[in-house]
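Engineer: Below you will find the structure I want to go over with you.
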Amino acid sequence: MDQKFADRRAFIGGLGAAALAMPVLLGAPRAEAAAPPFVHGVASGDPLAQRVILWTRVTVSGDANPRVQWEMALDAAFTRSVRSGLVRTSATRDFTVKVDVDGLSPDTVYHYRFTYNGTRSPVGRTRTLPVVAREAIRLAVFSCSNYPAGYFHAYAQAARMADLHAAVHLGDFIYEYGRGGYASDDAAAMGREVLPPHECVSLSDYRIRHAQYRTDPGLQALMASVPMIAVWDDHEVCNNTYRTGAANHTAGVEGDYVTRRDAALKAYHEWLPVRTPDTGDLRRIYRSFDFADVLSLHMLETRLLARTEQLSAADFVGPDGINAAALYAAANAPDRALLGGTQLAWLQEQMAGSRATWQVLGQQVLMGHMDIPAAIGLGQISVGGYEALTRKATDNPGDLTRAERYILDQPVVPWSLDAWSGYGAEREAVFAAARRLDRNLVVLAGDTHNAWANDLVDQSGQPIGVEFATPGVSSPGMEASRRTDDPDQLARWMVGNVPHLRYAETRRRGFMVVSATREACQSTWYFVDTVKSDRYRIEPGPTWQTLPGTDQRRLLPLA
Ligand SMILES: [Fe+2]
């Protein structure tokens, strides 16, 4: 296994971003899946200048306390070994192994492997953070990887990029649903039906689900090629979580919410290579990573620590349509929390103390305003239909029917109340902090399964920064949720009509690569033509960039 894996890395190591510019038909890396006892592969994560987490899991029988050796070296042949040790694992942590290796050198590529009972794991590759930047910082950014929805080609593709500093996962690393649940229509045909077959509720359920995802060869290849920095969104527990509950939790049937949440979080901390900052409160995952004086990445928690329950637009609909004034007043109420006061104060301290040009927020939900006409948002009309009505209102206003006039008279409302637009006061607090500190703010978002780029503007119209949003790895996007719209027409219409939205792609899955120097920060999107077949083409998307400085905090198209 070792040799085969090393050969593959050597082959793909030569493929940089330039090689990906050409659409080629690629296959999922099926053959490279790891073998017993390391069937879930190896991973690294949470790199610092002198530390990194190494991870694996052993699948053994008849050994309640497996002893696992780990080794770290400067070369893949392990002739220049730098650190090694022994660690025990057990059923109490689902036989996962996590080692926080310290005493390392900054900006250095290391290779690592594990040994159990004479059998070696695949070789992983990781990298510590730079203290002095010698090149652009490059981060591959992911969200919404849904096993039954499709193949993880985005992961496999990023694993082929040799020059990444880290992979950043913004959440929905797993989904909780049972067979037949969300986005599972093609799962049986693809051989990707979930385990366990029912919805995850217990600790055992979540462990089995994580274990299944981690058999995916694309995910294993990514995890073995680059350190991952991850936060959860909602589906690592269940849909639309907030501090005291979730849309997809039924207390009478599925037990106590806090018990379920804590089970999900225990499994998450066991299975992800994250440095658990507080074992007394597994929700406290927010933490920062400094990439020299170029980029500070602040990973935020927006679901479990503080989030107030989501508003519902339906609660603001009356006989005369939606009451937008009441909706905005409720969404912007000062007591609505997403980060909460403690995390917000921490974020302000981190931004104040950072010497980096770019303050990057790694977080889950869209921060851009994304206001759209209520009739479209509520699904009363397609974008094409709405466009036809607006043309009619211009050309032949006298011909508009009463129903058509009603549609056009509807005000704009936030596209999603689960996103920052449902928590406007805290969004303004983040913006105010960035402005007061005169920081260049770049927000990364996931959650929507579609690709976006927004100019971030505060309530007084002042430019604050930019937002790059990554498409899902495999969860379906607006091409599935709005079947009455042509996805390309929908994206075009949104860019033309949603204030501050500069780029939208609502049809394809993929990921984005954010790269930064002291002079510029840019995002390039990469899409795959399908997640439903194990053969796929990579289709490079556009690049948007922003420049540092008070007067430059906006998006510029680059390619
Ligand atoms: Fe998602």
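Engineer: Return the residues of segment 88-121 that are out of contact with any Lys or Arg (no Cβ under 8 Å at 6 or more places or on another chain), part of a strand (DSSP E or B) and over 21 Å from Val168 (Cα atoms); say none if nothing qualifies.
Structural biologist: If the condition is that a residue be out of contact with any Lys or Arg (no Cβ under 8 Å at 6 or more places or on another chain), part of a strand (DSSP E or B) and over 21 Å from Val168 (Cα atoms), then Thr115, Thr119 are the ones that fit.
Engineer: Residues Gly41, Gly27, Gly16: which one is under 27 Å from Asp529 (Cβ atoms), within 24 Å of the chain's Cα centre (by Cα), open to solvent by less than 30 Å² (accessible area, probe 1.4 Å) and at pLDDT 95 or above? Give the steps one after another, and end with the answer.
Structural biologist: Values: Gly27 fails: at pLDDT 95 or above; Gly16 fails: at pLDDT 95 or above.
Going through Gly41, Gly27, Gly16 in turn, just one is under 27 Å from Asp529 (Cβ atoms), within 24 Å of the chain's Cα centre (by Cα), open to solvent by less than 30 Å² (accessible area, probe 1.4 Å) and at pLDDT 95 or above: Gly41.
Engineer: Is segment 126-136 home to any residue that is crowded, with 20+ Cβ neighbours inside 10 Å, touching a Phe, Trp or Tyr at 6+ places or on another chain (Cβ under 9 Å) and over 30 Å from Trp358 (Cα atoms)?
Structural biologist: no
Engineer: Something else: Pick out the one residue from Val109, Val58 that is crowded, with 22+ Cβ neighbours inside 10 Å, at pLDDT 95 or above and not hydroxyl-bearing (Ser, Thr, Tyr). Even if it seems obvious, please write down each step before you answer.
Structural biologist: Values: Val109 fails: crowded, with 22+ Cβ neighbours inside 10 Å.
Going through Val109, Val58 in turn, just one is crowded, with 22+ Cβ neighbours inside 10 Å, at pLDDT 95 or above and not hydroxyl-bearing (Ser, Thr, Tyr): Val58.
Engineer: I'd like the full set of residues that are open to solvent by 30 Å² or more (accessible area, probe 1.4 Å), of a type in the set (Val, Ile, Thr) and farther than 13 Å from Leu441 by Cα, limited to segment 518-558.
Structural biologist: Thr530
Engineer: Pull out all pairs, ordered by first then second residue, where Cβ-Cβ is under 6 Å, the residues are six or more apart or on different chains, the first lies in segment 122-135 and is in a strand (DSSP E or B), and the second is of a type in the set (Phe, Trp, Tyr) and buried (at least 21 other Cβ atoms within 10 Å of the Cβ).
Structural biologist: So the pair list comes out as Gly124/Tyr112; Thr126/Tyr110.
Engineer: Another question about this same structure. Can you say whether Arg391 is part of a helix (DSSP H, G or I), more than 16 Å from the ligand (Cβ to nearest atom) and within 28 Å of the chain's Cα centre (by Cα), as far as the supplied structure shows? I'd like the intermediate steps shown before the answer.
Structural biologist: On the way: part of a helix (DSSP H, G or I): yes; more than 16 Å from the ligand (Cβ to nearest atom): yes; within 28 Å of the chain's Cα centre (by Cα): no.
In short, no.
Engineer: If you check Phe78, Phe95, which single one turns out to be surrounded by fewer than 20 Cβ atoms within 10 Å (Cβ to Cβ) and either in contact with an Asp or Glu (Cβ under 8 Å, 6 or more places away or on another chain) or more than 23 Å from Phe291 (Cα to Cα) (or both)? Reasoning before the result, please.
Structural biologist: Working: Phe95 fails: surrounded by fewer than 20 Cβ atoms within 10 Å (Cβ to Cβ).
Going through Phe78, Phe95 in turn, the sole match is Phe78.
Engineer: Would you please list the contacts, defined by Cβ atoms under 9 Å and residues six or more apart or on different chains, that run from a residue in segment 86-102 that is more than 20 Å from Arg214 (Cα to Cα) and modelled with pLDDT of 95 or more to a residue that is of a type in the set (D, E, K, R) and assigned to a loop (DSSP other than H, G, I, E, B)?
Structural biologist: Going by the 9 Å Cβ cut-off, the qualifying pairs are Asp100/Asp46; Asp100/Arg51; Asp100/Arg275; Val101/Arg51; Asp102/Arg51.
Engineer: Pull up segment 475-513, narrow it to residues that are out of contact with any Ser or Thr (no Cβ under 6 Å at 6 or more places or on another chain), polar (S, T, N, Q) and in contact (Cβ under 8 Å) with a residue 60 or more places away in the chain, then point me to the one that is surrounded by the most Cβ atoms within 10 Å (Cβ to Cβ).
Structural biologist: Once the filter is applied, the top-ranked residue is Ser475.
Engineer: State all residues of segment 187-209 that are away from the ligand (no atom under 16 Å from the Cβ) and either closer than 27 Å to Leu366 by Cβ or modelled with pLDDT under 95 (or both); if no residue qualifies, say none.
Structural biologist: Tyr206
Engineer: What are the residue pairs meeting all of these: first residue in segment 351-372, first residue within 13 Å of Thr470 (Cβ to Cβ), second residue part of a helix (DSSP H, G or I), Cβ atoms under 7 Å, and 6 or more apart or on different chains?
Structural biologist: Val365/Trp420; Leu366/Trp420
Engineer: Go through segment 161-246 and tell me which helices (runs of 4 or more DSSP H), entirely inside it, have 2 or more residues that are more than 27 Å from Thr126 (Cα to Cα).
Structural biologist: On the way: elements: 187-190, 203-213, 217-225.
Counting at least 2 such residues, we get 187-190, 203-213.
Engineer: If you don't mind, another one. Could you look through segment 402-427, keep only residues that are out of contact with any helix residue (DSSP H, G or I) (no Cβ under 8 Å at 6 or more places or on another chain) and under 16 Å from Ala330 (Cβ atoms), and pick out the one that is most open to solvent (accessible area, probe 1.4 Å)?
Structural biologist: The qualifying residue most open to solvent (accessible area, probe 1.4 Å) is Ala425.
Engineer: Would you please name the residue that is nearest to Ser515 (Cα to Cα), looking only at residues in segment 428-455 that are open to solvent by 10 Å² or more (accessible area, probe 1.4 Å) and assigned to a helix (DSSP H, G or I)?
Structural biologist: First pass over segment 428-455, keeping only residues open to solvent by 10 Å² or more (accessible area, probe 1.4 Å): 428-429, 432, 435-440, 447-449, 455.
This time we only want the ones that are assigned to a helix (DSSP H, G or I), so: 428-429, 432, 435-436.
Details: Glu428: 26, Ala429: 27, Ala432: 25, Arg435: 23, Arg436: 25 Å.
So the residue we want is Arg435.
Engineer: Cβ contacts < 6 Å: first residue hydroxyl-bearing (Ser, Thr, Tyr), restricted to segment 144-166; second residue in a helix (DSSP H, G or I), any location; separation 6+ or different chain. Result?
Structural biologist: Tyr147/Tyr213; Tyr155/Gly218; Tyr155/Leu219; Tyr155/Leu222
Engineer: Could you tell me which of the residues Ser204, Ser184 is over 30 Å from Pro130 (Cβ atoms), hydroxyl-bearing (Ser, Thr, Tyr) and surrounded by fewer than 19 Cβ atoms within 10 Å (Cβ to Cβ)?
Structural biologist: Details: Ser184 fails: surrounded by fewer than 19 Cβ atoms within 10 Å (Cβ to Cβ).
Within the list Ser204, Ser184, the selection yields Ser204.
Engineer: Run down Arg427, Arg439 and say which single residue is away from the ligand (no atom under 16 Å from the Cβ), closer than 24 Å to Met494 by Cβ and touching a residue at least 24 places away in the same chain (Cβ under 8 Å).
Structural biologist: Arg427
Engineer: Just need a number here: residues in segment 141-162 that are more than 13 Å from the ligand (Cβ to nearest atom), open to solvent by 10 Å² or more (accessible area, probe 1.4 Å) and aromatic (Phe, Trp, Tyr).
Structural biologist: Counting residues in segment 141-162 that are more than 13 Å from the ligand (Cβ to nearest atom), open to solvent by 10 Å² or more (accessible area, probe 1.4 Å) and aromatic (Phe, Trp, Tyr) gives 1.
Engineer: Now for a separate question. Just give me the residues in segment 456-472 being surrounded by fewer than 24 Cβ atoms within 10 Å (Cβ to Cβ) and either within 16 Å of the ligand (Cβ to nearest atom) or of a type in the set (D, E, K, R) (or both), in sequence order.
Structural biologist: Selection gives Asp458 alone.
The values are calculated or read from the model by the stated rules, or taken from the named source; none is laboratory data. Just so it is clear, the structure is predicted and the values come from calculations on it, not from any experiment. With ideal geometry, Cβ positions are generated from the backbone for all residues, glycine too; neighbour counts draw on all protein chains shown. These accessible areas exclude ligands, DNA and RNA; they are computed on the full protein's heavy atoms, side chains included. Shrake-Rupley method; radii C 1.70, N 1.55, O 1.52, S 1.80 Å.
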